[in-house]
Amino acid sequence: MGKVVWLEAWRLTRMEKLRQEALSGFPWGKLSQMVDTILEPTLRNLNPGQRLAVDEAVYRIAFEAYVCGMESSRRGELECPPERPSQERRRWGQRVFGYGGSRLIGQIAEDLNLFRQMDEWTIQSVMYFFEEVTALWFMHGVDYGIRLRKRRFL
């Protein structure tokens, strides 16, 4: 007799495994260094509550983009392997994850009510940084997923 496999349960288990793998391989120090060198000058005038919200948003956006990149690593390995020029890979990432990345940024900003009481220049700077973080960490996730697939861990 056949065994019933619940696809939703299988998908949830797979996603949990993927997120755990992403959590163990995520380069937190590299992101912290990027935040300190690039975003810190923009955020000096914010109060501690706003600063904490922006920091949380950056880390959440980077991690979620990284996970999405890992999910797309099979496609990335076929369509845009790491040997390709960085500009070409960036265009591929924008095509594959551009809309999803924008939605991710919008959702996290809305969840944290991020832009309340911020001036327009700060909002623009933070949004530009979020877009860069999303694109960069999506591609880092693709590369990490490709490495895991080659070692048969993913």
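None of the figures in this text is laboratory data; all of them are computed from the coordinates on show. It should be emphasised that the depicted structure is a prediction, and the values quoted were computed from it without experimental measurement. With ideal geometry, Cβ positions are generated from the backbone for all residues, glycine too; neighbour counts draw on all protein chains shown.
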Relative to the chain, whose Cα atoms define the longest principal axis, helix 48-71 and its Cα axis are tilted in degrees, nearest 10, by 20
Round to a whole angstrom and tell me the spacing of the C-alpha centers of the range 1-71 and the range 84-154.
10
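Do me a favour and compute the ellipsoid semi-axes for the range 51-154 from its Cα gyration tensor, root of five times each eigenvalue, largest one first, whole Å.
Semi-axis lengths for the range 51-154 are 28, 14, 10 Å.
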How large is ³J(HN,Hα) for each residue in the range 96-109, as worked out from phi by the Karplus curve 6.51 cos²θ - 1.76 cosθ + 1.60 (θ = phi - 60°), to whole Hz, x for Gly and Pro?
7, 10, x, 5, x, x, 5, 5, 4, 4, x, 5, 5, 4
Over the chain, what relative contact order in percent results from Cα pairs under 8 Å that are six or more residues apart?
38
Kindly write out, for the range 134-140 in residue order, the coupling ³J(HN,Hα) from the Karplus curve 6.51 cos²θ - 1.76 cosθ + 1.60 (θ = phi - 60°), rounded to whole Hz, with x marking Gly and Pro.
4, 5, 5, 6, 4, 5, 4
When TYR144, TYR66, TYR59 are ordered from fewest to most other Cβ atoms inside 10 Å of their Cβ, what list results?
TYR59, TYR144, TYR66
